[in-house]
Amino acid sequence: MAGDKVSIHGSWASRWVFILAATGSAVGLGSIWKFPYMTGVYGGGAFVLVFLLCIALLGLPVMLAETLIGRRARQSPANALRDLAIEAGHSAKWSWAAFAGMITALLILSFYSVVGGWSLDYIIDMGRGDFQGVAPEQAGAYFARMISDPWRLTLWHSIFMLLSAYVIARGVVAGLEHSLRIMMPLLFLLLLILLGYSLTTGHFMEGVHFMFNFDTSRLLDGLLPAMGHAFFSLSVGVGSILIYGAYMPKNSSISGTIVGVALLDTFVSLLAGVALFPIVFAAGLNPGEGPGLMFVTLPLAFGNVVFGQLMGMVFFVLVAVAAWSSAISLLEPMVAYLVERTRVSRVWVTTGLAFICWFVGLGTVFSFNIWKEARFFVTGADSFQLYQWGAAGGLDFFGVIDFFTSRIMLPLGGLTFVIFAGWVMGREAVREELAMRSPKLFALTFLLMRYVAPLGILIVFAAQLWK
Ligand code: PHE
């Protein structure tokens, strides 16, 4: 029976390790860096509301689907879909969709590592006291100086990628448990301290208002970005959670665990937002400033409190660790696949893939400096150009990768997994794998997986096209 398979890559010692690993994967730059800046760009409350709805109605069912597919097949995403599809009398071609997801994960890793590198850089800068007593303009100028230096970014990007590859080369199960057990609670604690600081800025309510007050006319603006980010934040749609599910012990309950992980991840995002925006307003910064938001706001906060130097340093260590535990989950699906499919060792597979991701990541590094003027998809009043050097609008290289992965591939990946669980595997297999105690709750979950999530994803895509 499918449920009795064992993964060749090993498995987590207990359900607790799965929770750590999945939380480690979900909580990362998505919550601390991307969520606040996207909330700022897409105007606050309206984005937050749509994001929360997407987490609950779309992201969560996808997360459940991925975990149960992984746990049933005990293999990498592409092989899991192939085997389960064949078992259910469907086409082996399903594996292609999962393959696309695994490539998407690598593309995400390419820029994820660059931003992870920024946090490594900031550990040193904070620790050195570069931000002591800093003013808003200075913090902004500091960030601008950092990203304008391609060598500096490449150095930290390389170090971050090496750190991630190291863990994966050794095998996920070893090493991860130890660090996460201490780091995750510490990250929470520091976020709470940061929140405490925000309370003293005198602009706390302004921040809260910005995040939770919305204008119904703006609900549609950030719809697709919010859906893409919900998937990004939960690590779903690319097979990362699937592969972690493949290492999950048989007798642990999927649904309770997954809901817990999703709640925690969402909570960290909201906490990061509520902590950051008051600082943004107190300093008179622009909430829509984009990817630099966290790297300008946090130094401001830590630069102006007692023990800020130490706390700031520790905070960036934690951000880096959170990013690192997510980065490894981006690499693992393809590594597991190639280990299953070829005779090449895990170490070499990891080395090769990390190198490719590193190389693609250079494009993101250069987007902020020497390729700043390189613009793709430039739309004018009545013109469209695929590429133009020095154009006013359009996207830079990082923008293109981010757009393609978060807005298109992640939702499509999510769609694949819910359709696969809801329609290909079918009710009985899902029931057996989820093993929920309450039949009513199972019926609701299955309904979400089979109808609500797939339709919801399609509706968001359609709404975007006809907006
Ligand atoms: N969820 C991670 C974060 O929020 C990013 C990630 C996306 C990880 C997709 C794995 C897969 O930082």
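The values are calculated or read from the model by the stated rules, or taken from the named source; none is laboratory data. In this text the structure is predicted, and so the values were computed from the model without any measurement. Neighbour counts are summed over all protein chains in view; Cβ atoms, including those assigned to glycine, are modelled from backbone coordinates with ideal geometry. All accessible areas refer to the heavy atoms of the entire protein, side chains included, with ligands and DNA or RNA removed. Shrake-Rupley method; radii C 1.70, N 1.55, O 1.52, S 1.80 Å.
Looking at GLY256, GLY202, GLY237, GLY273, just one residue is touching a helix residue (DSSP H, G or I) at 6+ places or on another chain (Cβ under 9 Å) and away from the ligand (no atom under 16 Å from the Cβ), and that residue is GLY202. Counting only helices (runs of 4 or more DSSP H) wholly contained in the stretch 1-108, the ones carrying 3 or more residues that are away from the ligand (no atom under 16 Å from the Cβ) occupy 15-26, 45-54, 60-73, 77-87. Taking the stretch 282-338 as the range and being of a type in the set (S, T, N, Q) and either crowded, with 21+ Cβ neighbours inside 10 Å or not in a loop (DSSP other than H, G, I, E, B) (or both) as the test, the residues that pass are THR297, GLN309, SER325, SER326, SER329.
Which condition number does ALA226 fail, the rest of (1) more than 27 Å from LEU270 (Cα to Cα); (2) of a type outside the set (Val, Ile, Thr); (3) within 16 Å of the ligand (Cβ to nearest atom) being met? Looking at each condition in turn, ALA226 falls short on (1). Entry remark, the stretch 65-83: residues being open to solvent by 10 Å² or more (accessible area, probe 1.4 Å) and either aliphatic (A, V, I, L, M) or more than 23 Å from SER252 (Cα to Cα) (or both) number 1 in total.
Scan the stretch 438-467 for residues that are within 18 Å of GLY222 (Cβ to Cβ) and without any contact (Cβ under 8 Å) to a residue 24 or more places away in the chain and the total you get is 4. Please determine whether any residue of the stretch 436-448 is surrounded by fewer than 21 Cβ atoms within 10 Å (Cβ to Cβ), of a type in the set (Lys, Arg) and farther than 18 Å from ARG71 by Cα. Yes: one or more hits. Answer with yes or no whether SER119 is within 13 Å of the ligand (Cβ to nearest atom), farther than 25 Å from VAL460 by Cα, at pLDDT 95 or above and among the small types (Gly, Ala, Ser). So SER119 fits the description; yes. Residues of the stretch 357-378 that are loosely packed, with under 14 Cβ neighbours inside 10 Å and either in contact with a strand residue (DSSP E or B) (Cβ under 8 Å, 6 or more places away or on another chain) or closer than 30 Å to VAL167 by Cβ (or both): PHE359, GLU373.
You will find that of TRP12, TRP16, TRP33, the residue that is within 23 Å of the chain's Cα centre (by Cα), at pLDDT 85 or above and not β-branched (Val, Ile, Thr) is TRP33 and no other.
Selection within the stretch 260-281: residues that are in contact with an Asp or Glu (Cβ under 9 Å, 6 or more places away or on another chain) and buried (at least 24 other Cβ atoms within 10 Å of the Cβ). The member of this set that is nearest to THR201 (Cα to Cα) is PRO278. Does the stretch 405-417 contain any residue that is loosely packed, with under 14 Cβ neighbours inside 10 Å and either in a helix (DSSP H, G or I) or over 22 Å from the mean Cα position of the chain (by Cα) (or both)? Checked the stretch 405-417: no residue is loosely packed, with under 14 Cβ neighbours inside 10 Å and either in a helix (DSSP H, G or I) or over 22 Å from the mean Cα position of the chain (by Cα) (or both).
Yes/no per residue for (1) among the β-branched types (Val, Ile, Thr); (2) in contact with a helix residue (DSSP H, G or I) (Cβ under 6 Å, 6 or more places away or on another chain):
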| residue | (1), (2) |
| --- | --- |
| TYR337 | no, yes |
| ALA354 | no, yes |
| CYS357 | no, yes |
| VAL360 | yes, yes |
| LYS372 | no, no |
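A residue that is more than 19 Å from the chain's Cα centre (by Cα) and buried (at least 20 other Cβ atoms within 10 Å of the Cβ) occurs somewhere in the stretch 209-225.
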